[in-house]
Structure formats: structure tokens, C-alpha cells
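Written out below as C-alpha cells is the structure these notes cover.
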Amino acid sequence: MRTMEGVALKLPSFSQLINPNQLINRTSLNLRFNFPKSFSSSSSSSSSPKASLSVPAAAPVSLGHSTRPDFEILHQKVPNGSKLVYLDNAATSQKPSAVIDAVNNYYRSYNSNVHRGIHFLSARATDEYEMARKKVAAFINASQSSEIVFTRNATEAINLVAYSWGISNLKPKDEIVVTVAEHHSAIVPWQLLSEKTGAVLKFVSLTEDEVPDVKMLQETLSNKTKLVVVHHVSNVLASVLPIKEIAKWAHDTGARILVDACQSVPHMVVDVQDLGVDFLVASSHKMCGPTGVGFLYGKSEILASMPPFLGGGEMISDVFLDHSTYADPPSRFEAGTPAIGEAIGLGAAIDYLSEIGMQKIHDYEVELGNYLYENLRKVPGVGIYGPAPSQTVDRAALCSFNVEGLHPTDLATFLDQQHGVAIRSGHHCAQPLHRYLGINASARASLYFYNTKEDVDDFIRALDDTIGFFNSFK
């Protein structure tokens, strides 16, 4: 039971659920019989009727259709009997069977602690864990695997930089440049750090196209700037920033740059050496890997200069009663028993993504994302945030939007309960951005490579029905 402007609403069960037959591409077989002009029973066998089978060429199978069998979770119905349409990938992605099997295999076959045992299980667990680190390094083209630090998630990775590098390098009136479109994880740690160090946060606003103003960012940089913190792809606006240029501008002023790549690493080719960034963070769970593990990339010379973030086992070289010495990176920043199975699962996810090819994934998602945008903007009363796609502007495969007169949480609830469509509603951990846009919340549909145009069509039909339902009470 939900209420809307004082009216009690009970969400009904609708009969107009989508016919699954509409989602199947059917090709008919055309039998063509070629009879001779004169035919009789006494005709020779050479003149008997000939049947030729004319089969239209099959349409190419999309990446979404070809990969969906690997994701068992997508092939289910929600409690109301609707098929699941999962469009909340910017929050977390689903996991292919190869990843689930890899994690299962670790716990079934060689569960053990890493780096601390000489027995077979420990040795194998250590090898697989460190192999996962090498896979991450290769995936983003780090120069060496020791530049990859495993963390619980991207949030912890940013905090690691804030408390280790930040406290050691920032002093009163130093400036940290951040955009208003950042995730809370890329704002709050620097607020806490500024309270401790006296550093000042400088915020970059948006252009009229609702994209972070890179010209303003460039003009904000000065010899006071010590760190630039920016996203690669916005989790709300779907905009893509020119990281390579921003990194050069930052370095020209003597500043470091940290990139939140949570929405780019899973969806496109990311090359940290080509981008020239100092730090980059990402989370496993957004790239087909398990929850509970993420990573920090840091240039080796910078990591080597940073003090530990947490104290305990693994991160030490020697411990005495009056002092301790510390291990080299990355062990220096991985105190305690790590998320071993999760890291191995991340390695399996990278294998899976690499086998498909990140450029292939990106190209498919650009097409699918544009299909989502073009169909969504045609729905009456819908306003989409962020730049419009064009020949010169790429959008990520997500759309944050609002429907006039309809709260996004009511919208998302109805889509889920009546149509089995899973989207996100709220501020998406970006309250400052929403306030800047003059709103409190938005709805967000976000795609991944296992989604299809049929998913988008289902969403649009369900959205039309949802809007019609709520409009009926006006």
C-alpha cells in the first residue's frame, strides 16, 4: 500500500504483462516448388518437381544475447510472475558462472591463508591471489603488479590515499580540486582530510550541457593545487571526462591526480600509463566480480613514499617492542588477511571480460546506450540528465531521469512490483550534484553488455504503463 498526495493506492496486478513470444526473432521457412511448364505422370524423373529450401540469412546475434546464458540470475521471474529485467548495473553487475565457479573452487579446493604458509594449500592460494593482482595490472596496463593494492572497495582505496598520501603531503591552504558531480566517496574523505590538514576544497561546477566544466577546472588549477580528484565516467550524468588532458594540466602545476574509474573500468579500455594518472580506483562488483574487493592503482614511486594506512599482520617487515618497519608496496597497504576468494573471483571476472574484449563491450554499450536514450526521451514528461549523445559526445550506457509529477521512488517501486524491471532511485550517492541540478532524487536505468534492446523495450513499455497508472489519479 502506497500513498500519493493523500490518496491510498494499492498496486494492482496487471494482465498486460509482456508476451514473451514478442521477444523471439522468428524466421519463417519459405518452400518454393519449381514445376515444369508441362507436367504429366509419364514425365521422366528429370522433369519431376524440385523443392528448393530458401532460408533467410540469420540476423547477427548481439553481444547481449550471446552472453546472457552465462548469467543464470537473469533467467528468472520475480514474485509477480514477470521476467526479471535488470537495469541497475551502475550499482552492481551480475556475475557470470565462471566467476561463481572460481570462488566456489577456491573454498572447495584450496582455501587457505596467503603469504604465510609453506604447505600446498597456502602455496596455491598465494599463487592464485597474486595472479589476480597481475591480471588487474595487465587489465589497466599498469607497469608492474606491485602498483595494484587490493582493498575492500573503491571507497577504501580513496580513503587509503587520503590518509596515507594526503596527511603526509597536504598542509594548510593547499587546494584539492573536485567536481560537484563526484560520488560521495570522492568528496567525504577529502572533507575529513581538510579538517585535519587545513587544506581547502575547490569545486568545479557544470556547463549548460550538464557536464563538469573542464575549462573551469583548468582555470582553477594553480600552484596551490596539490590534488585533483575526478571521475572518469559520471554515475549520474553518464558524461565522460578527458582524463588524459586533465592529468597533464594537473602535472603542469605540480599536482597529483586521482581518478574514480568505477564506471569506466568495467565498460571500456582503460590504460593508466596512457592516461598518465597517479592514482586510479575501481570496484570488483561493478565489473562482474564479487563484492568485498576493489583496487587502488598507484605509481610505484608514489606508493613507495607513502606510510601505511592500517597496522597489523602482513604489512610489516619487522616488529620490535618500540618500533616497527614496514613491507614494500603493495603489502604495506594490505594489513591482515585479505579477501582472498573475492580477489580470485575478480581475476576470473577479468579473464571473462578480456575474452570478450573491452573495445567490443564498449562499442556494443555505446549503441545500446544511445538506443536507451533515444527511446526514453520520447516518453512524455521524462527529463534526462547529462549531455545528449552526438557524433562528438559519448554517453555511458545509463540514463538518470525524472518524470514530471512522479517521485522516482514511486516509479521504481511500481516498475519492480508490477513489471519486474529493476532500476535505481534516490540520489545515487551524489547529493551535491542533485542539489546543483535542483532536485532531491532521480531514477536511473543503467546497462551492461548482457542487456539487450529487448530489455530496453520492456523498460519503456513498463514505464509508459507506470506513468499512465499514476496519471490516472490526477
Please report the accessible area of H362 (heavy atoms, 1.4 Å probe, ligands and nucleic acids excluded) in Å², nearest 10. 40
Under the Karplus relation 6.51 cos²θ - 1.76 cosθ + 1.60, θ = phi - 60°, what is the ordered set of whole-Hz ³J(HN,Hα) values for segment 217-228, x standing for Gly and Pro? 4, 4, 6, 6, 5, 7, 5, 7, 6, 10, 8, 10
Mind checking the angle between helix 188-197 and the chain's longest principal axis? C-alpha axes, 0 to 90 degrees, to the nearest 10. 10
Give the lysines whose C-alpha is closer than 19 Å to that of K202, dropping any in the same chain fewer than 8 places away, or say none. K171, K173, K215, K224, K226, K248
Write down the percent of antiparallel bridges among all DSSP beta bridges whose residues are both part of the chain, to the nearest 5. 65
For the chain, take the longest principal axis of its alpha carbons; what is the angle in degrees between that and the long axis of helix 120-140, to the nearest 10 within 0 to 90? 80
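Hey, got a sec? Which trypsin sites (Lys or Arg not before Pro) in segment 83-156 land in a DSSP loop and have at most 14 other Cβ atoms within 10 Å? List each step's numbers first, then the result.
Details: sites: K83, R108, R116, R124, R133, K134, K135, R152; in loops: R116, R152.
Here the trypsin sites (Lys or Arg not before Pro) that fit, given the DSSP loop and packing criteria, are R116.
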Sorted by chain and then number, the residues having a modelled amide H within less than 5 Å of the amide H of V228, at least 5 places away or on another chain, are V177, R256, I257, L258
Expressed as a whole number of Å, what is the distance separating the alpha-carbon centroids of segment 306-322 and segment 271-291? 26
Mean separation of Cα contacts under 8 Å, 6 or more apart, over the residue count of the chain: relative contact order %: 20
Might you work out the accessible area of H251 for me, using a 1.4 Å probe with all protein chains in place, and round it to the nearest 10 Å²? 70
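Between K378 and V61, what FRET efficiency follows from the Cβ-Cβ distance if R0 is 30 Å, with the result rounded to 0.05?
0.65
Scan the chain and hand back the longest stretch that contains none of the GluC sites (Glu not before Pro) lying in DSSP loops with at most 13 other Cβ atoms within 10 Å.
Values: sites that count: E5, E208, E404.
Longest run free of exposed loop sites: 6-207.
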Of all DSSP beta bridges in segment 171-288, what percent run antiparallel (nearest 5)? 10
Using θ = phi - 60° and the Karplus curve 6.51 cos²θ - 1.76 cosθ + 1.60, what whole-Hz ³J(HN,Hα) does each residue of segment 79-91 get, with Gly and Pro shown as x? x, 7, x, 6, 6, 6, 10, 8, 10, 10, 6, 5, 7
Express in % the proportion of alpha carbon pairs of the chain at distances exceeding 36 Å. 39
The chain: angle of helix 453-471 to the longest principal axis, Cα-based, in degrees nearest 10: 90
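Can you give the accessible area per residue of the chain, in Å², using a 1.4 Å probe?
On the way: 22180 Å² over 474 residues.
Per residue, the chain has 47 Å² of solvent-accessible surface.
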Which three numbers, in whole Å and largest first, are the semi-axes of the equivalent ellipsoid of segment 184-256 derived from its Cα gyration tensor as √(5λ)? 20, 16, 11
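The values are calculated or read from the model by the stated rules, or taken from the named source; none is laboratory data. Nothing here was measured: the structure is a model prediction, and the numbers come from that model. All Cβ positions, glycine included, derive from the backbone under ideal geometry; neighbour counts span all protein chains shown. Heads up: the accessible areas ignore ligands, DNA and RNA and are worked out on the full protein's heavy atoms, side chains in. Shrake-Rupley method; radii C 1.70, N 1.55, O 1.52, S 1.80 Å.
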